[in-house]
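The values are calculated or read from the model by the stated rules, or taken from the named source; none is laboratory data. Just so you know, these numbers come straight off a predicted model, no measurement behind them. Here the Cβ positions follow ideal geometry from the backbone for every residue, glycine too, while neighbour counts run over all protein chains shown.
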Amino acid sequence: MVEIVGARELAKTYRLGNSEVQALRGVTLEVAGGEFVAFMGPSGSGKSTLLHLLGGLDRPSSGEVILDGQAISHLSDDDLTRLRRDKTGFVFQFFNLIPTLTVAENVGLPFLVAGRDPRSAENAAEIAAVLEWLELTGKERHRPDELSGGEQQRVALARALVMRPAVVFADEPTGNLDFTSGTEVLEHLFRSCVQREQTIVLVTHDAKAAAYADRVFFVQDGRILEEIVLGRREEHGAKPLIDRLAQLGL
Amino acid sequence: MRSLSSIAWRSLASRRLRSLLTAAGIALGVAVVFAALATDRGVDESIERAARDQVGRADLRVVAFEEGGLSAATLAAVRASEGVAVASPVVEHVTFAQVPDRPDLGLLVVTGIDPELDVQVHDYRLTAGVFLGRDTAESVLLPDEWARERGIGVGTEVTFPGAGGEATLRVIGLLAASGPARAHDGQVAFVLLGTARSLFALGDASSRIDLRLTDGTTVETAEQALEQSLRYEPYLLERTSDVAAAMRASAADFRSTTLLLAAIALFVGGFLIYNTLSMSVAERIHEIGLLRAAGATSGQITGLFLLEALLLGILGCAAGLLGGVGLAQAMATWVRSTGSVPLDALPIPPAGAVLAVGLGLFVTVAAALRPARRAAGITPIEALRSRSPQRSGFDPRLRWLIAIDVVVAIVGITLWPIATGGDQPAGGLARPYVVFALLVAVAIASPLFLGPLGRIAGLPFGALFRVEARLARGTLVRDRGRATLTLGALMVGLAMIVAIGTLAQGARRAGLAWLESVVPGDLVVRAVAPVPLDFADDLAAVDGVARVTPLRPFDIDMEGRGVDAVAIEPGAYDEAGALDFIAGDRGAALGALERGGAIVVPESEATRLGLAMGTRVRVRTGAGESELEVAGIVARSFPGRAGEAVFVGWRDARDLFGLRDATLFAVRTSAGAAPATVRAAMADVAGLYAMQVFTVEQVAAALDDQLGRIFGLFDALALAALVVATLGIVNTLTMNVYERVREIGILRATGMTRRGVWRMVVVEAGILGLAGAVLGIVAGVAIGVTTLLLSRTAAFQPPLDLPWPVIGAALVLGVATAMLAAYYPARVAAGTTIVRAVRHQ
């Protein structure tokens, strides 16, 4: 197992007025390539902060983050941006689509930002493929406000996947969706892990969503309270996780 | 309401930058309006004062237009005329003044008066010494300032060269700078009428007679009576009001243009306020919903936003008034430096302050009314459900802006004369209306062009920054209303700069064309006082001179009307190919002038007097009446007092009008001689008669400089509108950035660097600037060309060429201004933290 994402004694402290809040208190973990991991925990536990640090969106107060095999804490802002662009994809609770761009243009945004022409044959084919894969064919020319919430989140997912990043970070991707739409998004995340061998790092407070993961880290008070190994989703449902959480009194 | 006012204060305080920018925009608009009003008032008062100084308490003035002046018989007839209470004869003659050991005193207009009569018409104020009396034949009064500058005081003896030798007069009094002492720019000396007549061998002639009428006599009645009784020699009747009206007419264009530009600055301020408050409503939709849910009525919400606008307006107006005083001083200094518009003192008109503040508050509150009503119309449910800021379509906004615009134009133009306390320049208001209409038309049409313009304007940026340009372009069409308003403000500012450039170029070229057309030579020699015609021989003897042509402006009585004329040598005009004939054959017309009994008239006078080729006109001459035939009509002529001058050949000028001297000489240099070299060689000869020599290029440069100064002031006012527009761009871009925090976050997460985000906002501004500049240039050229067409007369025929340097400058200015305005918003955008951005709701 090759480590693709990792944390070493990761800590993050925020200033809140005159006081300090310790969001993370020395987290250490390893995620292997092609793995699906989930961070669970109550609100304010530090799970989103952990995802942001692992994805290079934020910088730790101390400790080290490993992304695609390299320590990123000392990278310059530009180098970190380039690494993020080439190796990661992000999905957030709010769909964060650009309202003035069409679906195809939103999905092709990472190409555009990377200085590649989204309309070149190769990239256009990649965009078409990911849209088809996420069942969005026919919506290419729609604007985000012409789509349902589930469709918008699938467009956001397509954007995260289009460059075939090594790691996809998903922060509460179902938090704003109904059950059916949420399940569709989770299924697509899971399929991208299995079929495209992409590493998925998911943050959720929903046990049913976390149950798609191979491993679940339960985060509380800025620490990893429990690591629950579930194995591939094809071999289990949500029940083992729910049982284990119940055993732990969570 | 008290609680709402505290919300209004807090809201303004929490958006400090935006509030300050908006207040600054209002302040600038109010400052420009106030400064324009104060300057206008100053110009009006100066005209009034100058007219009063010139005519005093006289109701009418009989002026001689022949060299011989008005005879004693005419004076007696005037005195005997019905309704005349006082008739004060005056003699004026230009000469040098000399004091031993002080050689360069310069020229003075020696004015002979009858002290007992003239004090009934003019106010003389002594600062030292005594006034003229019956026994002061060898005395002179001088203006205090002129005398002191030259070290002359009461008791100094001053020598004047006269017709029969020199005369030495003792200074017995000094005059304050008011009334007649301000005539001829203060270069005037007063002596007894008899002293002046004998000194200059004028017999019993008078240059003019100033009249006061008896109580109950109207000017019209007196004019009729005078026309019945004055039969001895040609004369002109001038009314007091005519003098002021002529001065006002010359300053009318200047005054109406400052009015227009000031109104435009305020108009652009309206754009800024409207946009700011619309943004505020969109941004605070949740807050509005909460207030509505908590029981605030729609009236209270309207009141809240109007109150915010009013607070901004009061702040802006107060700052604008203070700034306006300074701006008015700066404007006055600049106006004085042009030398073409009278302005000797700058008043601070209370009515002007009230109008400027009133207009400022009116525009502020009017611009706020629509956003306030929009806010009041939001239901609690709509507000609390809405996650993204609300946007309204651009049509209602534009309708509202048009309404504001029309009201501002009407209110401004109606109240203007009241605030300035003077008469509104007649005929000067059509152009402001046309300009306003054109600006509004382009503003209305601009949303239609926004998409295509954005794409075209994005091309040059796209070539350099493809990603940033693509994203920026999208942002511009996201809220077309906001983009249109921002673009509109920029467009208006730039349009005015381009329009002024078009007008300035037109005026300059028309001026040069006029010079080339009417001056048959490379040099112009100008005399302050008429000099003998044979002086032309002295000038012709200078090395490098091919031909010297004497010119003499004078007045003639044509069909009972005063007409300006100029005596010319037709052969010189034929040789130089000067004069642009639009009717009649050049050779035949100039030949007729040479032979006598003919005139060549400028088109403007032909139209005014109803003259055509072959028309025979009756002119009054010293020997009675003569008939002259119109032998040709030309496009341009020399400017006169009432209109353009009619060309008369020297033969008629001598034989019919008794002219024996000239005030201007056109000198043509011989081939190979440089005009500047000939000018230097001619300086000594010309100096003998206190004449000044200019090359035509120098005259053109002086004209160019004077026009440059006037148009420079207009440019400065237009720039003020551009500054207000820039504040609007800062506001809009900042709002765009705040509104797109999550998008910026996702772009950063997707791999866009901070520099990329910074570039995106700057490119967005650049596209906005370029689109605004293109629209501004189109509107500016349309306004400039239309104004030139409206201003066209037979005499003023500016070519309708595009001012390419100004257009280029406007393009660069528009883009650079917008990109500079983007500095702060771009910094905010680049500094956005990704984590905070993606969490932002």
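Set side by side, the residues B:719, B:713 differ, and just one is touching a Gly at 6+ places or on another chain (Cβ under 8 Å) and either crowded, with 17+ Cβ neighbours inside 10 Å or not assigned by TED's automatic domain parsing to the domain that holds residue B:333 (or both), which is B:719. The strands (runs of 3 or more DSSP E) found wholly in segment B:585-668 and carrying at least 3 residues that are under 14 Å from residue B:566 (Cβ atoms) and touching a helix residue (DSSP H, G or I) at 6+ places or on another chain (Cβ under 7 Å) occupy B:646-649. Restricting B:261, B:211, B:237 to those that are modelled with pLDDT of 75 or more and assigned to a helix (DSSP H, G or I) reduces the list to B:261.
With respect to being touching a helix residue (DSSP H, G or I) at 6+ places or on another chain (Cβ under 7 Å) and surrounded by fewer than 18 Cβ atoms within 10 Å (Cβ to Cβ), residue A:78 falls outside the description. Just to be sure I understand, how many residues within segment B:293-322 are in contact (Cβ under 8 Å) with a residue 12 or more places away in the chain, aliphatic (A, V, I, L, M) and more than 19 Å from residue B:26 (Cα to Cα)? Total meeting the criteria: 4. In segment A:143-158, which residues are buried (at least 16 other Cβ atoms within 10 Å of the Cβ), away from chain B (no Cβ under 14 Å) and of a type outside the set (D, E, K, R)? Answer for segment A:143-158, where residues must be buried (at least 16 other Cβ atoms within 10 Å of the Cβ), away from chain B (no Cβ under 14 Å) and of a type outside the set (D, E, K, R): A:147, A:150. All conditions in (1) among the charged types (D, E, K, R); (2) surrounded by fewer than 20 Cβ atoms within 10 Å (Cβ to Cβ); (3) in a helix (DSSP H, G or I) hold for residue B:231, with the sole exception of (3).
Among the numbered conditions (1) more than 30 Å from residue B:521 (Cβ to Cβ); (2) more than 14 Å from every other protein chain (Cβ to nearest Cβ), the only one that residue B:700 does not meet is (1).
Of B:830, B:749, B:837, all but one fail to be at pLDDT below 85 and over 32 Å from the mean Cα position of the chain (by Cα); the exception is B:837. Residue check: is residue A:108 more than 8 Å from chain B (Cβ to nearest Cβ), in contact with a Pro (Cβ under 9 Å, 6 or more places away or on another chain), modelled with pLDDT of 90 or more and farther than 21 Å from residue A:2 by Cβ? The answer is yes for residue A:108. Filter segment B:509-563 for residues that are touching a residue at least 12 places away in the same chain (Cβ under 8 Å), surrounded by fewer than 21 Cβ atoms within 10 Å (Cβ to Cβ) and charged (D, E, K, R) and give the result. Passing the criteria: B:509, B:516, B:526, B:538, B:543, B:547, B:557, B:559, B:561.
Taking the stated definitions as given, is residue B:69 modelled with pLDDT of 80 or more, under 25 Å from residue B:354 (Cα atoms) and not assigned by TED's automatic domain parsing to the domain that holds residue B:556? When the stated conditions are applied, residue B:69 does not pass them. Within segment B:738-745, the presence of at least one residue that is away from chain A (no Cβ under 14 Å) and either touching a Lys or Arg at 6+ places or on another chain (Cβ under 9 Å) or over 30 Å from residue B:780 (Cβ atoms) (or both) is confirmed.
Residue by residue, here is whether (1) closer than 25 Å to residue B:778 by Cα; (2) modelled with pLDDT of 80 or more; (3) in the same structural domain as residue B:276 (by TED's automatic domain parsing) holds:
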site: B:481; (1), (2), (3): yes, no, no
site: B:498; (1), (2), (3): yes, yes, no
site: B:503; (1), (2), (3): yes, yes, no
site: B:517; (1), (2), (3): no, yes, no
site: B:520; (1), (2), (3): no, yes, no
site: B:525; (1), (2), (3): no, yes, no
site: B:533; (1), (2), (3): no, yes, no
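Under the condition of being buried (at least 18 other Cβ atoms within 10 Å of the Cβ) and not aromatic (Phe, Trp, Tyr), the residues counted in segment A:182-206 number 15.
Residue A:178 - would you say it is facing another protein chain (nearest Cβ under 10 Å) and surrounded by fewer than 16 Cβ atoms within 10 Å (Cβ to Cβ)? For residue A:178, the condition - facing another protein chain (nearest Cβ under 10 Å) and surrounded by fewer than 16 Cβ atoms within 10 Å (Cβ to Cβ) - is not met. Beta carbons closer than 7 Å, at least 6 apart along the sequence or on distinct chains, pair a first residue in segment A:37-55 that is within 18 Å of residue A:6 (Cβ to Cβ) with a second that is crowded, with 24+ Cβ neighbours inside 10 Å and among the hydroxyl-bearing types (Ser, Thr, Tyr) for A:38/A:204; A:55/A:88.
Could you list, in sequence order, all residues of segment B:445-477 that are crowded, with 20+ Cβ neighbours inside 10 Å and either among the basic types (Lys, Arg) or not in a helix (DSSP H, G or I) (or both)? Once the filter is applied, which keeps residues that are crowded, with 20+ Cβ neighbours inside 10 Å and either among the basic types (Lys, Arg) or not in a helix (DSSP H, G or I) (or both), segment B:445-477 yields B:470, B:473.
No other residue among A:41, A:46 is more than 14 Å from chain B (Cβ to nearest Cβ) and crowded, with 17+ Cβ neighbours inside 10 Å apart from A:41.
Among residues that are on the phi < 0 side of the Ramachandran plot, surrounded by fewer than 24 Cβ atoms within 10 Å (Cβ to Cβ), of a type in the set (D, E, K, R) and in a helix (DSSP H, G or I), residue A:140 is not included.
Counted as qualifying within segment B:75-149 are the strands (runs of 3 or more DSSP E) with 3 or more residues that are in contact (Cβ under 8 Å) with a residue 60 or more places away in the chain, namely B:84-96, B:107-113. When the residues of segment B:24-65 are filtered to those that are among the aliphatic types (A, V, I, L, M) and more than 29 Å from the chain's Cα centre (by Cα), the one that is farthest from residue B:237 (Cα to Cα) is B:58. Evaluating residue B:153 against the criteria (1) assigned to a loop (DSSP other than H, G, I, E, B); (2) farther than 17 Å from residue B:102 by Cα leaves one unmet condition, (2). All told, residue A:29 falls short of being of a type in the set (A, V, I, L, M) and within 22 Å of residue B:741 (Cβ to Cβ).
For segment A:100-127, the set of residues classified as touching an Asp or Glu at 6+ places or on another chain (Cβ under 8 Å) and small (Gly, Ala, Ser) consists of A:104, A:114, listed by residue number.
Please verify whether residue A:118 is in contact with a Phe, Trp or Tyr (Cβ under 8 Å, 6 or more places away or on another chain) and facing chain B (nearest Cβ under 10 Å), treating the condition exactly as stated. Considered against the rule, which asks whether it is in contact with a Phe, Trp or Tyr (Cβ under 8 Å, 6 or more places away or on another chain) and facing chain B (nearest Cβ under 10 Å), residue A:118 comes out as yes.
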